[in-house]
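**Student:** Pasting a structure below so you can have a look.
Values quoted throughout were computed directly from the atomic coordinates according to the rules given, and no laboratory measurement underlies them. Computed from a predicted model, the values in this text were never measured in an experiment. Glycine gets a Cβ as well: all are built from the backbone with ideal geometry, and neighbour counts include every protein chain shown.
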Amino acid sequence: MKQTILILITALISTVGFSQNRDDHHEKIKTLKVAYITEKLNLTQTEAQKFWPIYNTFEDSYDALRDASSAKRKNIDVDNLTENEAKILINEMRELSNKRHQLFQKYMTDLLTVLPAKKVVLLKKVEDDFKRKMFEEYKNRHKKSKKTP
C-alpha cells in the first residue's frame, strides 16, 4: 500500500513538473495531498465526507490570513515609519495572530466532532510527512536539473 502511494505521488509530481499553468500545479499538489491524507488517516467514507469541508475551510481561511499578513509586511516603509504608525502595525499584527489562533481553536473543535482524537493528532504528522516528501521531491528535481548540461 505504501509503495502504491509512493508511486502515485511520484507519477503525479512528475506530471506537475511539466505543467505550465501555476493553478494546475497547485491543483495537482492539492489532489496528491488529499489522496495522501485520506490514505494515511484511513478515513472512512463518512469521515471523509465530514472531514474535507472542515479541512478545506480552515486551509482557505488560514491562507487568507497569511496573505493579509504578508501584504501588510510588504507595504511597510520602515525608513519613513513613525512610532505611532509602528504601534498601529504591531496591534494589527497581534490581531491577525489572534485571528489565526481562534481559527485554529475552532478547527480543532470542529475536527473532534467528526474524527477520533487519535486521527486528529495523526493529521499533523501526516501533513508534515507530506510536506517533507514534496520538499525532498523538489530538491531531487532541482539537483537533477542542475546536473543536466
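**Student:** Rounded, prolate or oblate for region 44-114? Axes are the square roots of the Cα gyration tensor eigenvalues, ordered a ≥ b ≥ c, and the cut-off for rounded is a/c under 1.5.
**Tutor:** Here region 44-114 falls in the prolate category.
**Student:** To continue, here is another question. Counting only pairs 8 or more places apart or on different chains, how many lysine pairs in region 44-114 have C-alpha atoms closer than 20 Å?
**Tutor:** Number of lysine pairs found: 6.
**Student:** Further question: Can you tally the net charge around residue 30? Count Lys and Arg as +1, Asp and Glu as -1, for every other residue whose Cβ sits under 12 Å from the Cβ of residue 30.
**Tutor:** -4
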